[in-house]
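Asker: Starting off with a structure, shown below.
The values are calculated or read from the model by the stated rules, or taken from the named source; none is laboratory data. All values reported here derive from a predicted model rather than from experimental measurement. In this analysis, Cβ positions are derived from the backbone assuming ideal geometry, glycine residues included, and neighbour counts consider all displayed protein chains.
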């Protein structure tokens, strides 16, 4: 790949992008929750599914990191489902409210495993032992807050995610972070566009 130049005070993470329609729906739900709970809604453009937080990475590792991720990204596009609303780390002292995501086909877990292994090789650090708990953050609290019962999502939604990227988070005091995509990749054919299996040939009833 082309040279990957990292700024000195970078703050890197790898994330799966969400379809625009899903982002809009979740942003609307986040604004309603923030009004009810007193938190700050996450901007629509900032919504994503985090696969790994790298933090600050030395500039001299930029090219190796870019090459490793370009090799790790290719794979089927994950087909995901919206799950329950949850408060992290717990409802009595929540710092965020998020919606969980289900990964019935396992494509997201496989992508996470490839990314974790690739990053671990480049940064010479072991990958996380914890399994991925995919979610999208909707609301953040400046101070831990007590969150009561969260109403379930209105309806079940199934969607495909077809892009993954390495981002650098630019922090500005008093403003939401700005995410700069450094390495992007289109994932394989979404499940919704895959050709169905051909019907089985009719059986001869005389056999």
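Asker: Within the range 80-99, identify whether any single residue is more than 17 Å from residue 135 (Cα to Cα), free of Cβ contacts under 8 Å to residues at least 40 places away in the same chain and either touching a strand residue (DSSP E or B) at 6+ places or on another chain (Cβ under 9 Å) or not in a helix (DSSP H, G or I) (or both), and answer yes or no. Walk me through it before giving the result.
Answerer: Going through the range 80-99, the residues more than 17 Å from residue 135 (Cα to Cα) turn out to be 92-93.
Then keep just the ones that are free of Cβ contacts under 8 Å to residues at least 40 places away in the same chain; that gives none.
Looking for residues that are more than 17 Å from residue 135 (Cα to Cα), free of Cβ contacts under 8 Å to residues at least 40 places away in the same chain and either touching a strand residue (DSSP E or B) at 6+ places or on another chain (Cβ under 9 Å) or not in a helix (DSSP H, G or I) (or both), one finds none in the range 80-99, hence no.
Asker: Please pick out the residue among 30, 39 that is over 17 Å from residue 79 (Cα atoms), touching a residue at least 40 places away in the same chain (Cβ under 8 Å), within 18 Å of the chain's Cα centre (by Cα) and surrounded by 13 or more Cβ atoms within 10 Å (Cβ to Cβ).
Answerer: Details: 39 fails: within 18 Å of the chain's Cα centre (by Cα).
Answer to the check: 30.
Asker: Looking at the range 144-175, which of its residues are farther than 19 Å from residue 86 by Cβ, in contact with a strand residue (DSSP E or B) (Cβ under 9 Å, 6 or more places away or on another chain) and surrounded by fewer than 12 Cβ atoms within 10 Å (Cβ to Cβ)?
Answerer: 171, 172
Asker: Please count how many residues of the range 127-140 are in contact with a helix residue (DSSP H, G or I) (Cβ under 7 Å, 6 or more places away or on another chain) and farther than 21 Å from residue 72 by Cβ.
Answerer: Filtering the range 127-140 for residues in contact with a helix residue (DSSP H, G or I) (Cβ under 7 Å, 6 or more places away or on another chain) gives 127-128, 132, 134, 136, 138-139.
Then keep just the ones that are farther than 21 Å from residue 72 by Cβ; that gives 136, 138-139.
Total meeting the criteria: 3.
Asker: Let me ask another. Answer with yes or no whether residue 52 is in a helix (DSSP H, G or I) and in contact with a strand residue (DSSP E or B) (Cβ under 6 Å, 6 or more places away or on another chain). Before the answer, list the steps.
Answerer: Numbers: in a helix (DSSP H, G or I): no; in contact with a strand residue (DSSP E or B) (Cβ under 6 Å, 6 or more places away or on another chain): yes.
It is false that residue 52 is in a helix (DSSP H, G or I) and in contact with a strand residue (DSSP E or B) (Cβ under 6 Å, 6 or more places away or on another chain).
Asker: Next question, about the same structure. Being on the phi > 0 side of the Ramachandran plot and in contact with a strand residue (DSSP E or B) (Cβ under 9 Å, 6 or more places away or on another chain) is the requirement here; does residue 45 meet it? It would help to see each step written out before you state the result.
Answerer: Numbers: on the phi > 0 side of the Ramachandran plot: no; in contact with a strand residue (DSSP E or B) (Cβ under 9 Å, 6 or more places away or on another chain): yes.
So residue 45 fails the test.
Asker: Further, regarding this structure: Collect the residues in the range 141-175 that are closer than 29 Å to residue 73 by Cα and assigned to a strand (DSSP E or B), keeping them in residue-number order.
Answerer: Taking the range 141-175 as the starting set, the residues that turn out to be closer than 29 Å to residue 73 by Cα are 156-171.
Those that are closer than 29 Å to residue 73 by Cα and assigned to a strand (DSSP E or B): 158, 159, 160, 163, 164, 165, 166, 167, 168, 169, 170, 171.
Asker: Moving to a separate point now. Looking at 55, 71, which one is over 17 Å from the mean Cα position of the chain (by Cα) and at pLDDT below 95? Break it down into steps so the answer makes sense when it comes.
Answerer: Numbers: 55 fails: over 17 Å from the mean Cα position of the chain (by Cα).
None of the other options fit; the residue is 71.
Asker: Need the failing condition index for residue 77 against (1) at pLDDT 95 or above; (2) closer than 28 Å to residue 152 by Cα, just the number.
Answerer: (1)
Asker: Name every residue in the range 55-80 that is surrounded by 15 or more Cβ atoms within 10 Å (Cβ to Cβ) and under 29 Å from residue 21 (Cβ atoms), in order of residue number.
Answerer: Residues satisfying the conditions are 69, 70, 72, 73, 75, 76, 77, 78, 79, 80.
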